[in-house]
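Comments concern the structure below.
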């Protein structure tokens, strides 16, 4: 005998466009004119990441994620929140060892202090 449809648990669908890999990397969330929040990058793919913030920390919808080991800054958008974890969708990526566009000077200033 099967359960009526209303009592079945919801179906979980993985909507990721790229496979993710578990990581334990240090990162910096940069937003505004150079505000910085430390984070841990828990999962990473070509299209996004899951970051973990310290209890009580928060980030706005649009930010840059600095992945310190690879010297990459990802322009990102928060796609989900399950505190203390935040899911990010990447919009663009910038190599921090190359010249950045002038509108990203706040990101370059942060990178100069942590490299």
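Bear in mind these aren't lab numbers, they're just calculated from the coordinates by the rules spelled out. Treat the numbers as computed from the prediction; the structure is a model and nothing was measured. Please note: Cβ atoms are built from the backbone with ideal geometry, for glycine as well, and neighbour counts cover all protein chains shown.
Among the residues making up the range 35-45, a single one is touching a residue at least 40 places away in the same chain (Cβ under 8 Å) and within 12 Å of residue 114 (Cβ to Cβ): 36.
Taking the range 46-60 as the range and being surrounded by 18 or more Cβ atoms within 10 Å (Cβ to Cβ) and either free of Cβ contacts under 8 Å to residues at least 24 places away in the same chain or not in a strand (DSSP E or B) (or both) as the test, only 59 passes.
Filtering the range 70-105 to residues that are touching a residue at least 40 places away in the same chain (Cβ under 8 Å) and not in a strand (DSSP E or B) leaves 71, 104.
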